Each structure stands twice: as structure tokens, then as C-alpha cells.
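> My structure is below; once you've seen it, I'll send some questions.
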Amino acid sequence: MQDLMQSLKERKLVQWALAYLAGAWLLMQVVEVLAARWPLPLGLQRGIDLLLVVGFLLAVVLAWYHGEQGRQRVSGPELVMIAVLCTMAASVLAILRADGRPRAPGNEAVARIAVLPFENFSPDPRLAYFAGGLHDRVITQLSTISALNVLPRSSVMQYETRPVPSSQIAEELGVSAVVQGSVRRERDRLNLSVTLIEATSDRQLWSQEFDQQYTAEAAIRAEREIAERVADALGARNTWVQLDILDRKYEDALHRIADEPDAFAPGFPTSEQMTPVAQLAADVYRLMGEAARARALYDSARVVLERRVLAAPGSPALHRNLGSVYATLGQRGKALYHGRLALALVPPEGNHLYGPDNLVNLAVIHAHLGEANEAASYLERVLSAPSLLTVRLLELDPTWDPLRSSPAFVELLEKHGSASASSGSAGSGSRGSEGS
């Protein structure tokens, strides 16, 4: 032991280690300041941290070999050690992705999809209303899955009377997957045939037929199963929490959240992870009426979101989530600041696909704050322009339960629900056909 301590003193190993740690600490402070001013990718920051750790090991190795001998070149054993350390660093970098988890196969290729109008192969013309309603509700179910980007019904209705190859649809709509379906009724039996196609290659990813009694309950089960099978085929199983919430199956949602291994859950785009798992769990407990547990989880989500916003201040998704969390904690000023910042970063006028999400988020913030009129005002702006939000989704989502008794919210649903029904969407026509 004395010989070892003597060697350490002679080679000044401790001095070199302390000098390196001081320099590494200074560099980390510089990176933290830069990350607060510019949206440095989280992966870059993790890479710098890892390189500093590897650099420390290299510094110790070089100091040990050169401290006493005073060599100016690297020896053979040192090269072997350096190669081993660099290989280890490369392996860890390959495992540690910027989003913290490996992606499901095919996610990047089929994130944006189109659900084509369902064809009616039955001689009964009344089934056309059912087919239209089914088409609309399948879009609604899939739209709740944040890992999928589902085009609204208005974008695909042009193909109802103009059949074209899926590759042409992919080019015209900018999608990479297409859902096609048909409806047929034979006496009291309902037959649904649904196919998911990778549009660019015409490769069939999934296909299934549903043959069952012609009842409203059977149709609802089919809608959910179609959405589940499509999401499974596209590798989007993790956003099922939203579907469980829509079905008010809160225990099922909590089980799915408990199985989530990361601190952040995947969102859309699939390369981003912007929603803390703690926030998802808090949302469910709040809907279950367990306010104390929900508040504790919201506070945990606030901590991780504040930290990540410092690293990526230009992310509207982070500001949306942080604004919503602040609202649930009763911090009105901070909630509105982050909600409005997200809207300023991506306004609906400049981005018709993602911009409306920021308006909906402001409506959510006002709903959490108990400000029904303001929430309805933002929802009015969204429903008055093309977006993924529908009246049916507002009716299903328990997020809007605090607004159900608000005259402004009731008027909103009646106004846009009547407009949807008169334009032939899934209004009273589909309900009438289900009862026939």
C-alpha cells in the first residue's frame, strides 16, 4: 500500500485527476448556460457528459504511464487501453438514444396515415350512413393515439368517388400508410373488412374481417379493435392510455402507465418524448377523483418538465405540457405564459397540422383553471377551421367534463354538432342506421 501511495505521489496522479475534474466541471457549466439560451439537443448534452467520463479515464491512464517515465508518445499497452475505452464509449452511445428508448420498427415509415371512406357493398342504401359514421369514428379513435398522425376526414373524402392506387394517395396526401375498409350487411349479420397498406410499396401490413350481429354495441367493439390492430401494426402501442381514458377505463390506463419504463412517454413525432409519465398518471388519478395523489404526481412532472424546458426552450410540446401542469397546480400566470408561448412558436395560421394543438392546449389550461368561457372560445377557433379535433372527441374526452354544464360549452357542441350532421358526417344518420 505504501508503494502504491508513493507511486501516486511521484506520478502526480491526484493532481492530474483534480485538474481534469475542475476543467470538466467548468465545461459542464458552459454547456448548461448554452442549453438555457439555445435549444441544444438532449442527446448532445448526454454525449458530452459521457465523453467527459471517458476522458477522465484516459487522463488517469496517461498520467499513470507518463508521470514517472516522461514519455512523449503513447505505448502499445496504452493504445490497447484507449481502444477498449473508446469501444465502450461507442457502445454506450449506441444504446443511449436522445429520446431515451429504442424505437419500434417501422415507426418512422408509417407515422402519417389516411383512413379512406368505407365502401358500402350492401344493397341497403341506409348502410351508407352507417359506413360514413364508422369511418368518422375510426378516425376519431386513431386520432387519440399521439404516436400517429391521422389526416382529418375532410382530407380523404375526395377518394370516396375517385378510387386511386395507394401509391398515388401517398404522393397526393404525403402519407405513408392507408387504411381501407368495406361494409356489407346480410340479414342480421354485419361484415366489416379492413386493410392497412404501406402506401409507397403497396405492401399489406394488416388485414382482418369482422363478422358479427348487426348491433350498435358490436359496431363500437369493432371500431376499437380496428384502432388497436392498426396501432399495433404501426408499432404505436404506447399511446393506448388515451383510448383507455376515452373509454373511462382508468385502472387499465394506470396498468399501462406502470409498464412504461422511461420517465417520458413517446408522443408525436415519434422521435420526441415530451410528456412525463408522471403527468399521464396524474391525469388519470385526477379523473378518478384522487386529488392528493394527482397533485403530488403533477408536482413531480413539473420538476422534470422545467429541467427539460431549460435544455430545449424552443419545443412547443414541452411548453404545452408544462402549461397544463401549472394549471392543475393552480399557477395561472405560469400556465398561461407557457401555453401562449407554445402558440407563438407554432401558430395555427402558419402550421395547420400542429398549430391547432396549441389552441386546444390553451382550452385545456382554462378548463383546469375553471374558466369555461375562455376554454370554449379557444375550442371555437379550432372547430371553425380544419383540424383533428371533432365534436365527437369533445363528447367522449373526460378532460372536458368540468365544462359540461357551461352554457358556452353546450352551445359549442350544439353548433358544431349540427353542422357536422348537416354535412353528412357521423351525426344522426349513422345513429339512425344502427337502430334499424
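> Considering each residue of region 193-203, count those that are modelled with pLDDT under 85 and either within 22 Å of A227 (Cβ to Cβ) or β-branched (V, I, T) (or both), and give that number. First the steps, then the outcome.
Step one: list which residues in region 193-203 are modelled with pLDDT under 85, which gives 198-203.
From what is left, the residues that are either within 22 Å of A227 (Cβ to Cβ) or β-branched (V, I, T) (or both) are 198-200, 203.
Residues in region 193-203 being modelled with pLDDT under 85 and either within 22 Å of A227 (Cβ to Cβ) or β-branched (V, I, T) (or both): 4 in total.
> With the requirement that a residue be in contact (Cβ under 8 Å) with a residue 24 or more places away in the chain and open to solvent by 50 Å² or more (accessible area, probe 1.4 Å), what does region 354-379 give you?
Within region 354-379, Y354, D357, G370, N373, S377 meet the criteria.
> If you scan region 158-190, which residues turn out to be open to solvent by less than 50 Å² (accessible area, probe 1.4 Å) and outside any loop (DSSP other than H, G, I, E, B)? Before the answer, list the steps.
Applying the first criterion (open to solvent by less than 50 Å² (accessible area, probe 1.4 Å)) to region 158-190 yields 159, 164, 166, 169-170, 173-179, 181-183, 190.
Matches in region 158-190: Y159, S166, I169, A170, L173, A177, V178, V179, G181, S182, V183, L190.
> Free of Cβ contacts under 8 Å to residues at least 40 places away in the same chain, among the hydrophobic types (A, V, I, L, M, F, W, C) and closer than 28 Å to E223 by Cα, is that true of L388?
No, not satisfied.
> So which of L336, L394, L389, L383 ends up being under 25 Å from L412 (Cβ atoms), modelled with pLDDT of 95 or more and of a type in the set (A, V, I, L, M, F, W, C)?
Testing whether each residue is under 25 Å from L412 (Cβ atoms), modelled with pLDDT of 95 or more and of a type in the set (A, V, I, L, M, F, W, C) leaves just L336.
> Do the conditions hold for R308, that is, is it touching a residue at least 60 places away in the same chain (Cβ under 8 Å), assigned to a helix (DSSP H, G or I) and either open to solvent by less than 10 Å² (accessible area, probe 1.4 Å) or on the phi < 0 side of the Ramachandran plot (or both)?
yes
> If you go through region 383-398, how many residues are surrounded by fewer than 16 Cβ atoms within 10 Å (Cβ to Cβ) and hydroxyl-bearing (S, T, Y)?
Count: 1.
> Examine region 316-332 for a residue that is modelled with pLDDT under 90 and surrounded by fewer than 21 Cβ atoms within 10 Å (Cβ to Cβ), and state whether such a residue exists.
No, the conditions are met nowhere in region 316-332.
> From the set of residues in region 191-218 that are surrounded by fewer than 20 Cβ atoms within 10 Å (Cβ to Cβ) and small (G, A, S), which is farthest from G133 (Cα to Cα)?
Looking at the filtered set, the residue picked out is S201.
The values are calculated or read from the model by the stated rules, or taken from the named source; none is laboratory data. In this text, all values refer to a predicted model and were calculated from it rather than measured experimentally. Reconstructed Cβ throughout: ideal geometry from the backbone, glycine too, with neighbour counts over all protein chains shown. Ligands, DNA and RNA are stripped out before the accessible areas are found, and what is left, the full protein with its side chains, is counted by its heavy atoms. Shrake-Rupley method; radii C 1.70, N 1.55, O 1.52, S 1.80 Å.
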